[in-house]
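Written out below as structure tokens is the structure these notes cover.
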Amino acid sequence: MSDGPETKSRAERRRHPRHRASFQGEIDGATIGWTRDVSTTGVYLLMPGGWLSEPGASIHVRLRLDEIDPDRPAWVHAFGRVVRLERVGGSVGVAVSIEDWAVGGTANRPAG
């Protein structure tokens, strides 16, 4: 046992478990990428290499869930902040902390 503070891996520090999932994701209604993993409080997306943002920026992520009925996909709207950006091959990895979310339609931020 060490006398110093214990260091925990990123996975051990997470409040909620991440689930591997590949959903089409749109950021701020335009740029399309794909999720790598999701949880109730965060999402990690792989975006095209030219996509730009910065940590702390507000963000609206719209995820297309078409596994149940591809002809009538459900949409999840997640509103949050960019936590981290990283180069992943020719893509940009975007970690987002979700502050609010809603399911359905093409609506913007949910009411109330």
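Per residue, the average separation of C-alpha pairs within less than 8 Å and at least 6 apart gives the stretch 16-103 a relative contact order of 27 percent. With a cut-off of 10 Å between beta carbons, the residues surrounding Arg62 carry a summed charge of -1, where Lys and Arg count +1 and Asp and Glu -1. Give me, ordered by chain and number, the residues 5 or more places off Ala21 or on other chains with an amide H under 5 Å from its own placed amide H. Under 5 Å from the amide H of Ala21 lie the amide H atoms of Asp37, Val38, each far enough along the sequence or on another chain.
Throughout, read-outs are computed from the coordinates displayed, never taken from laboratory work. Predicted model, so just to flag it, every value in this text is computed and none were measured. In this analysis, Cβ positions are derived from the backbone assuming ideal geometry, glycine residues included, and neighbour counts consider all displayed protein chains.
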